[in-house]
Amino acid sequence: MAAETVTCPKGNNYKLHKEHALTDKKDVSVKAVPVESTKAIVLFIGGAGDKESYYFSGPYRNIRLAWLNFDERTEALMAQGRYTSEWLGYNEVRGKQDIQRNVLGLIPYKSCPVYIVGHSLGGWNGAHLTKIMTDWGYRIQMLITLDPVGEGSLVWLGSDIYRERPEPVAADWINIKATPTQRDPSDGVADFGEKWIIACGPSLNANVDTNHADAPGLFTAAIAGNKSASDFLYESIMKEFS
């Protein structure tokens, strides 16, 4: 599947720092110093009909396939307790109570790097989530939006999404738009929900020749040289442990 890429200026990156308590020089006793261990948290947020039925359609589990694929790639980190992931529906990250119930319990401390991969309506609500969590003091290292949808007033009326256009806050943002040469029914659904057309803002903005429902394809397609969004996500996580 071919990809066309448009690059925008990158946002500021920031590094996780360890904090140590100060000790009186005259005190030679052994002290237990709490140090935050680096851990990466990745949230895969599906769209309408992904994790549960949507108006008697689905669940289709589109983002789940991308999630399972990436978990296989990070199996060693997971075994070391350095990586945690979760598959969530777009409606599970909408509003303070849902975020507290479904997201915050996964994050051991606020400076922990959080990565969000959202597909369709999950991209729309996931982008809102980056702003909300940043305002609460959490660290959003990367946002990946896979063919995000949510501009339409009709889909807003029938779905648990934010009405306002998102204003994402993340150290890096990759946006991928599905531009299929051969359309399928999922592309009509995306048109009905109205795609979020993002001209600039992401550090990487790409078009991929695949259908809207193909979340794994959008996630693993080459978008910069031979690298995919999955590759960039993996590299970003590994930098935390270098």
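Remarks
- Fewest-first sequence of Thr38, Thr179, Thr145 by Cβ atoms within 10 Å of each Cβ: Thr38, Thr179, Thr145
- Extension gain for the segment Ala76 to Ser242, taken as residue separation times 0.36 nm less the Cα-Cα distance, is 58.3 nm to one decimal.
- Taking a Cβ cut-off of under 14 Å around Asn211, the surrounding Lys, Arg, Asp and Glu residues balance to a net charge of -3, with basic ones at +1 and acidic ones at -1.
- Exposure proxy order (Cβ contacts within 10 Å, fewest to most) of Leu104, Leu129, Leu143: Leu104, Leu143, Leu129
- Positive minus negative residues near Thr134 (Lys, Arg vs Asp, Glu; Cβ under 11 Å): +1
- Legend: residue pairs Lys195/Lys239; Lys110/Lys177; Lys39/Lys227, Cα-Cα distance threshold 28 Å; pairs beyond threshold, Lys195/Lys239; Lys110/Lys177.
- When Cys112, Cys200 are sorted by how many other C-beta atoms sit within 10 angstrom of their C-beta, beginning with the fewest, the order is Cys200, Cys112.
- Counting Lys and Arg as +1 and Asp and Glu as -1 over every other residue whose Cβ lies under 14 Å from the Cβ of Lys195, the net charge comes to -2.
- For the stretch 71-177, the list of GluC sites (Glu not before Pro) that fall in a loop by DSSP and count at most 15 other C-beta atoms within 10 angstrom reads Glu151, Glu164.
Any read-out appearing in this document is the output of simple, stated calculations on the displayed coordinates, not a laboratory observation. Everything numeric in this text was worked out from a predicted model, so none of it was measured. Heads up, the Cβs are rebuilt from the backbone with ideal geometry, glycines too, and the neighbour counts pull from every protein chain shown.
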